[in-house]
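Colleague: My structure is below; once you've seen it, I'll send some questions.
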Amino acid sequence: MSTEIKKLYINRGHSNTDPGAVGYIKERTGNVKVGDYMEAYLLENYVVQIRSNPGTLSSLSAIARDANNWGADLFVSIHFNAGKGDGYESLVYGKSRYALGKCFEKYILAVGQNSRGVKYRPDLGVLRLTNMPAILGEMAFVDNYKDIQDWNEDFEFKKLGIAYAKAAAEWLGLPKKEKAPAKKPAATTSAKYKVGKNYTLQTRLKVRTGAGTNYAQKKVKNLTSGGKKAAVWKGSNDGAVFEKGTVVTALQVETLSNGNIWIKVPSGWVCAKEGKEIYIK
Ligand SMILES: [Zn+2]
């Protein structure tokens, strides 16, 4: 048994002809993106076999039959919710699958999404008709802007997909792939950012007086008028923080000795890359 490669079935909810719930995003778009990122991360990092619903199976019994016939060890269905709630949900068949629901919830909480908990849904076809442990994840509510705004961009779908990949890996006990030692980062990483080009903040960022965290944070009153508009807090003596999504123009790019990259924008300096984290792209 232990030498057999584990089999994971990934069902990106709904189908090529059924968009699922429609709100600020189409549910199917998110389901496919999260599923694709989940699959890519697993194949890159773990020894596992993956089969996916190609998007042409729309009947729940046909999907369950496909997973059963293949002999999957775990069935994962990816969805986004509707009904104006707020947060993630792990849907499982019943009490015996509580731990499965908690395992996936743990990784979703770790990327910053709140959870409404593990819920028992024996009425759902893919949970009822599959022979193996099965989970259906509702990532966020497509019709609640407060919820979906944090989970509607490509890099956010990626966070959810990787969270689900790690959960599946833990649940199945997947062996890690042997990897070649990582290459040293090229010295020319600052070339990624070009003076005069526009970039978008992927997260909220403090605006500082120089390139590095040892420089003071600016106050809102010291920002340009455009900078004031992008500031999260508006009081003139508040610390300057740019909102996520702010578009900035690079006037100067500096790579520090620790490899972190800072960009000068009209209002001051913001951190573009810290370690492996990309804050601006
Ligand atoms: Zn759905």
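The values are calculated or read from the model by the stated rules, or taken from the named source; none is laboratory data. All of these numbers come straight from a predicted model, not from anything done at the bench. Cβ placement follows ideal geometry from the backbone for every residue including glycine, while neighbour counts extend to all protein chains displayed.
Colleague: Restricting attention to the stretch 26-48, does a residue exist that is more than 16 Å from the chain's Cα centre (by Cα), under 28 Å from Lys146 (Cβ atoms) and within 14 Å of the ligand (Cβ to nearest atom)?
Modeller: The answer is yes, given that some residue of the stretch 26-48 is more than 16 Å from the chain's Cα centre (by Cα), under 28 Å from Lys146 (Cβ atoms) and within 14 Å of the ligand (Cβ to nearest atom).
Colleague: Among the numbered conditions (1) away from the ligand (no atom under 15 Å from the Cβ); (2) touching a strand residue (DSSP E or B) at 6+ places or on another chain (Cβ under 6 Å), tell me where Ala99 comes up short.
Modeller: All conditions pass for Ala99, except number (2).
Colleague: Does Lys177 qualify as being in contact with a helix residue (DSSP H, G or I) (Cβ under 9 Å, 6 or more places away or on another chain) and modelled with pLDDT under 95?
Modeller: Answer is yes for this residue.
Colleague: Ok, one more. Mind listing whichever residues of the stretch 62-84 are among the polar types (S, T, N, Q) and under 13 Å from Met139 (Cα atoms)?
Modeller: Matches in the stretch 62-84: Ser77, Asn81.
Colleague: Within the stretch 127-137, is there a residue that is surrounded by 15 or more Cβ atoms within 10 Å (Cβ to Cβ), in a loop (DSSP other than H, G, I, E, B) and not polar (S, T, N, Q)?
Modeller: Yes, the conditions are met somewhere in the stretch 127-137.
Colleague: So which of Ala64, Ala82 ends up being within 16 Å of the ligand (Cβ to nearest atom), on the phi < 0 side of the Ramachandran plot and surrounded by 22 or more Cβ atoms within 10 Å (Cβ to Cβ)?
Modeller: Testing whether each residue is within 16 Å of the ligand (Cβ to nearest atom), on the phi < 0 side of the Ramachandran plot and surrounded by 22 or more Cβ atoms within 10 Å (Cβ to Cβ) leaves just Ala64.
Colleague: Restricting the search to the stretch 72-100, which residues are more than 14 Å from the chain's Cα centre (by Cα) and closer than 14 Å to Ala165 by Cα?
Modeller: Leu74, Phe75, Val76, Ser77, Leu100
Colleague: Being in contact (Cβ under 8 Å) with a residue 60 or more places away in the chain, within 28 Å of the chain's Cα centre (by Cα) and assigned to a loop (DSSP other than H, G, I, E, B) is the filter here; which residues of the stretch 251-281 pass it?
Modeller: Once the filter is applied, which keeps residues that are in contact (Cβ under 8 Å) with a residue 60 or more places away in the chain, within 28 Å of the chain's Cα centre (by Cα) and assigned to a loop (DSSP other than H, G, I, E, B), the stretch 251-281 yields Gly259, Tyr279, Lys281.
Colleague: Right, another one. Name, by its number, the condition in (1) within 20 Å of Asp123 (Cβ to Cβ); (2) more than 14 Å from the ligand (Cβ to nearest atom); (3) among the hydrophobic types (A, V, I, L, M, F, W, C) that does not hold for Ala21.
Modeller: Failing condition for Ala21: (2).
Colleague: Taking the stretch 214-242, which residues are under 29 Å from the mean Cα position of the chain (by Cα), surrounded by 14 or more Cβ atoms within 10 Å (Cβ to Cβ) and part of a loop (DSSP other than H, G, I, E, B)?
Modeller: Passing the criteria: Val232, Ala240.
Colleague: Those residues that are in a helix (DSSP H, G or I) and either at positive phi or surrounded by 21 or more Cβ atoms within 10 Å (Cβ to Cβ) (or both), I need them from the stretch 138-158; list them, please.
Modeller: Correct list: Asp147, Ile148, Glu156, Phe157.
Colleague: Identify, from the list Leu174, Leu136, Leu160, Leu127, the residue that is away from the ligand (no atom under 16 Å from the Cβ) and of a type outside the set (Val, Ile, Thr).
Modeller: Checking each option against the conditions leaves just Leu174.
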